[in-house]
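**Student:** Let me begin by handing over the structure; questions about it come next.
The values are calculated or read from the model by the stated rules, or taken from the named source; none is laboratory data. This structure is a prediction, so every number in the text was calculated from the model and none was measured. Glycine gets a Cβ as well: all are built from the backbone with ideal geometry, and neighbour counts include every protein chain shown.
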Amino acid sequence: MEGPSSRSFVSQRLRLHYMDWGNPDAPPLVLVHGGLDHCRNWDWVAQELCRDWHVIAPDLRGHGDSEWTSDGHYPMAGFVADLAQLIHQQVEGPVNLIGHSLGGNICLRYAGLYPDSVRRLVAIEGLGPSPAILAERAAKGTATRLRDWIAQKRALAARQPRHYATLEEAVARMRAQNTHLSAEQAAHLTWHGVNRNEDGSYGWKFDNYVRARPPEDMPQADLHALWAAITCPVLLVCGQESWATDPNEDGRAAYFRNARVSSYARAGHWVHHDRLADFLVETASFLD
């Protein structure tokens, strides 16, 4: 097979899309993208690793070419169940996982739930909000968080998705979001991340409702217990120019049995784009 094949599977009544990079006799490697992103964000990583691994990259529900939920609700449990369903249907033997941001959070939870099913795990800034941000949210109280979420959902209902008159305008927006991107990277990510509207304009593929973070998640103590239940080696990757905090410095790395933190200079939140060559060298060595 040359290049990836577009495929789909069904999870919780939704038809979800994924790219299969071939080499099915090789060990499985699943790449999970972050929020407001899509599976083709992994193309550079997948092209390098598909020689040695059977690479599968899904579009999360509400993202890319996967279906949107009818109620616009996107809890973490739903994302984790989708990953579990994909692995259950399409993967034989222990799986290797690489996840970015939201995708890293999903992968870590899956690995804690099914530790015997995961061989290696790379989480790029996938631990979620820092302890300081979580403390601020908790201080608001449940009722306030719920009211804020309802207000955000109402605002999203009234919000018109942004349209771009030209593809170049959308590319410019992509580069403004991550100044480390090259022109080639931004164009590729934009091309696979937009749909052409009936009036000829372009709009992002993701459901605007994925912006509304559900007001409640599992308690932090339970999440930490999931991290502690992971038995495979874990590589926690972070960028030194990112908004996310270093897991060694904020204490979260201590919840893992067998984790190593790798901090990249000259990199923001998208380390696998900002320092692609170095990330590929480290990741290939870690997976081997």
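**Student:** For the stretch 141-178: of the residues being assigned to a loop (DSSP other than H, G, I, E, B) and free of Cβ contacts under 8 Å to residues at least 40 places away in the same chain, which is surrounded by the fewest Cβ atoms within 10 Å (Cβ to Cβ)?
**Tutor:** Per the stated criteria, the residue is Gln160.
**Student:** Across the stretch 12-27, what is the total count of residues that are outside any loop (DSSP other than H, G, I, E, B) and in contact with a strand residue (DSSP E or B) (Cβ under 8 Å, 6 or more places away or on another chain)?
**Tutor:** Result for the stretch 12-27: 6.
**Student:** Applying the selection to the stretch 242-267, what residues are within 22 Å of Leu134 (Cβ to Cβ) and either touching a residue at least 40 places away in the same chain (Cβ under 8 Å) or among the aromatic types (Phe, Trp, Tyr) (or both)?
**Tutor:** Ser242, Trp243, Ala244, Thr245, Pro247, Asp250, Gly251, Arg252, Tyr255, Phe256
Matching residues to (1) surrounded by 15 or more Cβ atoms within 10 Å (Cβ to Cβ); (2) not hydroxyl-bearing (Ser, Thr, Tyr):
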position: Asp207; (1), (2): yes, yes
position: Leu223; (1), (2): yes, yes
position: Glu249; (1), (2): no, yes
position: Ser262; (1), (2): yes, no
position: Val271; (1), (2): yes, yes
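**Student:** Please work out which one of (1) surrounded by 24 or more Cβ atoms within 10 Å (Cβ to Cβ); (2) over 28 Å from Asn195 (Cα atoms) is the condition Gly112 fails and give its number.
**Tutor:** With respect to (1) surrounded by 24 or more Cβ atoms within 10 Å (Cβ to Cβ); (2) over 28 Å from Asn195 (Cα atoms), Gly112 is out only on (1).
**Student:** Can I ask one more? What are the residues in the stretch 251-260 that are in a helix (DSSP H, G or I), crowded, with 16+ Cβ neighbours inside 10 Å and not aromatic (Phe, Trp, Tyr), if any?
**Tutor:** Arg252, Ala253 - these are the residues of the stretch 251-260 that are in a helix (DSSP H, G or I), crowded, with 16+ Cβ neighbours inside 10 Å and not aromatic (Phe, Trp, Tyr).
**Student:** Name, by its number, the condition in (1) part of a helix (DSSP H, G or I); (2) touching a residue at least 24 places away in the same chain (Cβ under 8 Å) that does not hold for Arg137.
**Tutor:** It fails just one condition, (2).
**Student:** Does Ser201 count as surrounded by 15 or more Cβ atoms within 10 Å (Cβ to Cβ) and over 30 Å from Gly239 (Cα atoms)?
**Tutor:** So Ser201 passes the test.
**Student:** Here is a further query. When the stretch 179-231 is examined, which residues are found to be part of a helix (DSSP H, G or I), under 23 Å from Trp44 (Cα atoms) and out of contact with any helix residue (DSSP H, G or I) (no Cβ under 8 Å at 6 or more places or on another chain)?
**Tutor:** Of all residues in the stretch 179-231, those part of a helix (DSSP H, G or I) come to 183-193, 208-211, 220-229.
Filter once more, so that each one left must be under 23 Å from Trp44 (Cα atoms): 183-193.
Passing the criteria: only Glu184.
**Student:** Suppose we filter Gly112, Gly126, Gly99 for residues that are part of a helix (DSSP H, G or I), at pLDDT 95 or above and either within 24 Å of Gln12 (Cβ to Cβ) or among the hydroxyl-bearing types (Ser, Thr, Tyr) (or both); which single one remains?
**Tutor:** Going through Gly112, Gly126, Gly99 in turn, just one is part of a helix (DSSP H, G or I), at pLDDT 95 or above and either within 24 Å of Gln12 (Cβ to Cβ) or among the hydroxyl-bearing types (Ser, Thr, Tyr) (or both): Gly112.
**Student:** Could you tell me whether Gly239 is of a type in the set (Gly, Ala, Ser) and either surrounded by 16 or more Cβ atoms within 10 Å (Cβ to Cβ) or on the phi < 0 side of the Ramachandran plot (or both)?
**Tutor:** Against the criterion (of a type in the set (Gly, Ala, Ser) and either surrounded by 16 or more Cβ atoms within 10 Å (Cβ to Cβ) or on the phi < 0 side of the Ramachandran plot (or both)), Gly239 qualifies.
**Student:** Could I ask something else about it? Pull up the stretch 61-78, narrow it to residues that are without any contact (Cβ under 8 Å) to a residue 60 or more places away in the chain and crowded, with 23+ Cβ neighbours inside 10 Å, then point me to the one that is farthest from Pro4 (Cα to Cα).
**Tutor:** It comes out as Arg61.
**Student:** Can Arg213 be described as modelled with pLDDT under 95 and out of contact with any His (no Cβ under 9 Å at 6 or more places or on another chain)? Let's see the steps before the verdict.
**Tutor:** Values: modelled with pLDDT under 95: yes; out of contact with any His (no Cβ under 9 Å at 6 or more places or on another chain): yes.
In short, yes.
**Student:** Hey, does the stretch 67-83 have a residue that's of a type in the set (A, V, I, L, M, F, W, C), touching a Cys at 6+ places or on another chain (Cβ under 6 Å) and not in a helix (DSSP H, G or I)?
**Tutor:** The answer is no, given that none of the residues of the stretch 67-83 is of a type in the set (A, V, I, L, M, F, W, C), touching a Cys at 6+ places or on another chain (Cβ under 6 Å) and not in a helix (DSSP H, G or I).
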